Amino acid sequence: MPEGHVLHRLALAFGELFGGHVVEVSSPQGRFAAGAELIDGWRLVATDAHGKHLFLGFAPPDAGVASEAARGEATGAGEYIALAQQGPGAEPAGLRWLRVHLGLYGSWTFDGDPEFHAPHSIGAPRRRVGEEERGLPSREAPSADGDGWQVPEPRGQVRARLVVGHGVADLTGPSACEIVDVAAKHAVHARLGPDPLRADGDVEDFVSRVRRRRRPIGDLLMDQSIIAGVGNIYRAEALYRARVHPWRLGVNVPPARLREIWHDLVALMTDGMDTGEIVTTDPHDRREENDHWYVYHRSGKPCLRCDSTIVEDLMANRRVFWCPREQRRPPRRAQA
DNA sequence: TTTCCATGAGAAT
DNA sequence: TTCTCCTGGAAAT
């Protein structure tokens, strides 16, 4: 159940660990065999993330990066383009893109030798917050006589496996894993709203998309065509921090408050991208060290700020949490 | 051992 | 609105 910060974190990790390298791509499970064949032995030259979609751009191993913009930036080993961090216009043409959506249970697990920095698993379901991101221990510890790291056997249903000389990334349980061309990639971008973690994320775009809808703000924040990357935790926490009731209609939330929510999400999700975990509580509000959230999964417990009992309800079949005192009810609740 | 559930989203009804 | 799919950890039995 990774939210957008995880995908951006993954895009950065893939750039650092695989960027510029020729990658061996396979599908141990078999369900991605045809797609893997299309990029097996190709070079990772670009990464991108938008909302909960991860894109890895591959070029033929001996081709330079096609576009003018990319020249000199992604031609040698270890070099690549991180598109989410750049403005529009830097996208190389002619790449084959691996598009991955982790859905409910997808995760990437990394392993590698000590040179392959930071083996870790990102996006794994049910990860307890605060738990250190940690990968599988290498099966083969480096030994004194020069035996190096060995690629471990796939563990579980590995849909896709990416291998470079010094490390491996295994993908399990994605809801989407496919090879797309640049046109299909652009179609994905087109149906997504602005992403607080992208360089081209535009707060006014977000505001105007929300203000057009007579739907609860809690529902709109989960709609990827309104704002991309926000999931159930960031939705609940951002509304709490802005003191907005989840059922207030988007059209009734003042633009200034929406801007506040956006900028708060930029800060919270950037922190999540940097640390790998979602922490939304201010330090002085924490009563225990692991009080990472104000309302998410805290129904029945006291509000960290006012001691009111946190409540929950279903909104579009997803649990939504709020504090009835910090987030006052709207004058009239939206009809379910 | 089995059941339940989850940071998701698209299709079917 | 309900169903469905992908997986695995925790809770329930």
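The values are calculated or read from the model by the stated rules, or taken from the named source; none is laboratory data. Fair warning: this is a prediction, and the values are worked out from it, not measured in the lab. FYI the Cβ positions are ideal-geometry reconstructions off the backbone, even for glycines, and counts take in every protein chain you see.
Couple of notes before you dig in:
- Condition met for residue A:287 (of a type in the set (D, E, K, R), assigned to a loop (DSSP other than H, G, I, E, B), over 17 Å from the mean Cα position of the chain (by Cα) and buried (at least 18 other Cβ atoms within 10 Å of the Cβ)): no
- Every listed requirement among (1) within 14 Å of DNA strand B (Cβ to nearest atom); (2) surrounded by 19 or more Cβ atoms within 10 Å (Cβ to Cβ); (3) of a type outside the set (Asp, Glu) is met by residue A:191 save one, (2).
- Unique residue being at pLDDT 95 or above, touching a Gly at 6+ places or on another chain (Cβ under 9 Å) and either of a type in the set (A, V, I, L, M) or assigned by TED's automatic domain parsing to the domain that holds residue A:8 (or both) when the list is A:59, A:77, A:63: A:59
- Among the residues of the range A:185-218, those that are in contact (Cβ under 8 Å) with a residue 60 or more places away in the chain and in a helix (DSSP H, G or I) comprise A:185, A:188, A:189, A:203, A:218.
So that you can scan it fast, the table gives a plain yes or no per residue for (1) surrounded by 20 or more Cβ atoms within 10 Å (Cβ to Cβ); (2) touching a residue at least 60 places away in the same chain (Cβ under 8 Å); (3) over 20 Å from residue A:329 (Cβ atoms):
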site	(1), (2), (3)
A:237	yes, no, no
A:240	yes, yes, no
A:247	yes, yes, no
A:252	no, yes, no
A:259	no, no, yes
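- The condition of being in the same structural domain as residue A:99 (by TED's automatic domain parsing) and free of Cβ contacts under 8 Å to residues at least 60 places away in the same chain holds for only one of A:30, A:15, that being A:30.
- Being touching a strand residue (DSSP E or B) at 6+ places or on another chain (Cβ under 8 Å), at negative phi and surrounded by 24 or more Cβ atoms within 10 Å (Cβ to Cβ) is not true of residue A:214.
- Looking only at the range A:224-235, and only at residues there that are surrounded by 16 or more Cβ atoms within 10 Å (Cβ to Cβ) and farther than 22 Å from residue A:311 by Cα, the one that is farthest from the chain's Cα centre (by Cα): A:226
- Identity of the residue in the range A:263-284, among the hydrophobic types (A, V, I, L, M, F, W, C) and either in a loop (DSSP other than H, G, I, E, B) or more than 15 Å from DNA strand B (Cβ to nearest atom) (or both), that ends up nearest to residue A:9 (Cα to Cα): A:278
- All told, residue A:173 meets the bar of being within 20 Å of the chain's Cα centre (by Cα), surrounded by fewer than 23 Cβ atoms within 10 Å (Cβ to Cβ) and not assigned by TED's automatic domain parsing to the domain that holds residue A:328.
- Some residue of the range A:91-112 being in contact with a Cys (Cβ under 7 Å, 6 or more places away or on another chain), in a strand (DSSP E or B), of a type in the set (Val, Ile, Thr) and modelled with pLDDT of 80 or more: yes
- Scanning the range A:223-250 for residues being within 16 Å of DNA strand B (Cβ to nearest atom) and closer than 18 Å to residue A:294 by Cα gives a total of 12.
- The lone exception for residue A:263 - which of (1) of a type outside the set (S, T, N, Q); (2) surrounded by fewer than 17 Cβ atoms within 10 Å (Cβ to Cβ); (3) more than 19 Å from the chain's Cα centre (by Cα) it fails: (3)
- Scanning the range A:221-254 for residues that are of a type outside the set (Val, Ile, Thr) and within 16 Å of DNA strand C (Cβ to nearest atom) yields A:222, A:223, A:224, A:225, A:231, A:232, A:246, A:247, A:249.
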